[in-house]
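> One structure, as structure tokens, below. Some questions next.
The values are calculated or read from the model by the stated rules, or taken from the named source; none is laboratory data. Here the structure is a predicted model, which is why all the values come from computation and not from measurement. Note that we place each Cβ from the backbone using ideal geometry, even for glycine, and neighbour counts take in every protein chain shown. Calculation scope for accessible area: heavy atoms of the full protein, side chains included, ligands and nucleic acids excluded. Shrake-Rupley method; radii C 1.70, N 1.55, O 1.52, S 1.80 Å.
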Amino acid sequence: MRAIVDRLREKHELAAEEYRALLTTRNPRDADYLISQARELAQRQFGKGIFLRGLIELTNVCRNDCLYCGIRRSNCNVSRYTLSSKQVLDCCETGYSIGFRTFVLQGGEWGEDRSDWIAGLISEMRHRWPDCAITLSLGEHSRETYALWRDAGADRYLLRHETHNRQLYSLLHPSVMSHAHRLQCLDWLKELGYQVGTGIMVGAPFQTIGSIVEDIVYLVDFKPHMIGLGPFIPHHDTPLGRFPAGSVELTARLYAILRLALPQALIPSTTAMASLASGGRLRGILAGANVVMPNLSPADTRQDYALYDNKASYGTESAQGVRLLAEELATIGYHIDWSRGDSPSLSRPNL
Ligand code: SAH
């Protein structure tokens, strides 16, 4: 098994069966070796600095009906909100004064009729904070809309592919959503010059080790700048609300495999890791993750952006809690890196 890990570290690619072996090994010494090799590689690439992204949850209004997601359209127990431009800009101002240099606008998916409003917001953010990166995570849109937002000043886009297995995709999404379109969106985003992030929920209902292997093969081929991976966590008001949560352990193992496969990738230790287990976020960092995305949303809307049950959004998950976060990172010898944290694979950051 060690030989497989060494080859992944050196060649950045394995055969499908070898990924499977790494995901399923029950030998703790082999698993530890995988994790420690990924950690060392991350430290060689990025030192012990962790990049921060300030997450602004723009809206929980969504036209989609993903079967796992708490803000799906059919969930009528959600109290719906959309932040005003002023609220978003106030969040950025607070974040900027704390030291954030990346803002992530995330939200449910709107129709294209609201694209101009978002473009205006992006332009204003670009104008007021020219030294900051603007990341969007607003779901699937037309190529024209992605181009509009890119021209307005957005730098990065997060769109998890959720699964590369078409059959599994159709079990997790309503029939009107298409696996092919999601992958098409990712190709468009790359063509338009965004730094692109994609990924999956680990331990999603009906997911198999085989489908995770397919995801790894896709990611290694697509070479995203950022990789978003978190454990699935059920939301009680969704059709998949009775399925068990995914595991921090398997998610950390995937961070490690993907760190070794894509040494330059920006990999957040996600909120779902922190929500599922205390110390979950640190385990992600120790397995090769190098980004944390604290919540910068207005405090009174955070509970309404419940993608899953018991989602963490205060304390060290909160932008206002960065001092606590810094203390938590210090317990494992890491610190906050306050720079913009662009992908090192870009020769010229896109200022
Ligand atoms: N609507 C946008 C962004 C918001 S959802 C989009 O679809 O891209 C952001 C991510 O949250 C999703 O990609 C999904 O992987 C994750 N998510 C949603 N529901 C979840 C759940 N129940 N458990 C864990 N992660 C979840």
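> Rounded to the nearest whole Å², what accessible area per residue is found for region 18-151 with the 1.4 Å probe?
41 Å²
> Looking at the square roots a ≥ b ≥ c of the eigenvalues of the Cα gyration tensor of region 27-84, which shape do they give, rounded for a/c under 1.5, prolate if a/b is larger than b/c, or oblate?
Note, shape of region 27-84 comes out oblate.
> Using the crude model of +1 on Lys and Arg Cβ and -1 on Asp and Glu Cβ, and no other charge, please compute the dipole size for the chain relative to its Cα centre, in debye to 20.
Magnitude of the dipole: close to 540 debye.
> Which FRET efficiency, nearest 0.05, do residue 6 and residue 332 yield, Cβ-Cβ r, R0 30 Å?
For R0 = 30 Å, the calculated efficiency reads 0.75.
> For region 206-310, what class follows from the C-alpha gyration tensor (a ≥ b ≥ c being the square roots of its eigenvalues): rounded when a/c is under 1.5, otherwise prolate if a/b is larger than b/c, else oblate?
oblate
> Next up: Which of the three applies to region 1-109, rounded, prolate or oblate, going by the alpha-carbon gyration tensor with a ≥ b ≥ c and a/c under 1.5 meaning rounded?
Oblate, because a/c is 1.5 or more while a/b does not exceed b/c.
> Moving on to the next point. Which order do peptides 143-152, 285-294, 170-179 fall in by mean Cβ count within 10 Å, highest first?
Answer by packing, highest mean first, reads 285-294, 143-152, 170-179.
> Given H placed on each backbone N at 1.01 Å, which residues far from residue 199 in sequence or on other chains put an amide H within less than 5 Å of it?
Those qualifying (amide H under 5 Å, at least 5 residues apart or on another chain) are 160, 161, 162, 228.
> Also: Take 215, 90, 221 and sort them by solvent-accessible surface of the protein heavy atoms, 1.4 Å probe, largest at the top.
221, 90, 215
> If the cut-off is 27 Å between C-alpha atoms, which lysines fall inside it for residue 311, apart from same-chain ones fewer than 8 positions away?
48, 86
> Something else: When only alpha-carbon atoms count, how far does the chain stretch along each of its three principal axes, as whole angstroms with the largest first?
54, 42, 37
> Another question, if that's okay. Taking Cβ-Cβ under 4.7 Å as the only way to count a partner, pick out the unpartnered cysteines of the chain.
62, 76, 91, 92, 132, 185
> Sticking with this structure for a sec: Please list, ordered by chain and number, the residues whose modelled amide H lies under 5 Å from the amide H of residue 133; skip anything fewer than 5 residues away on the same chain.
102, 103
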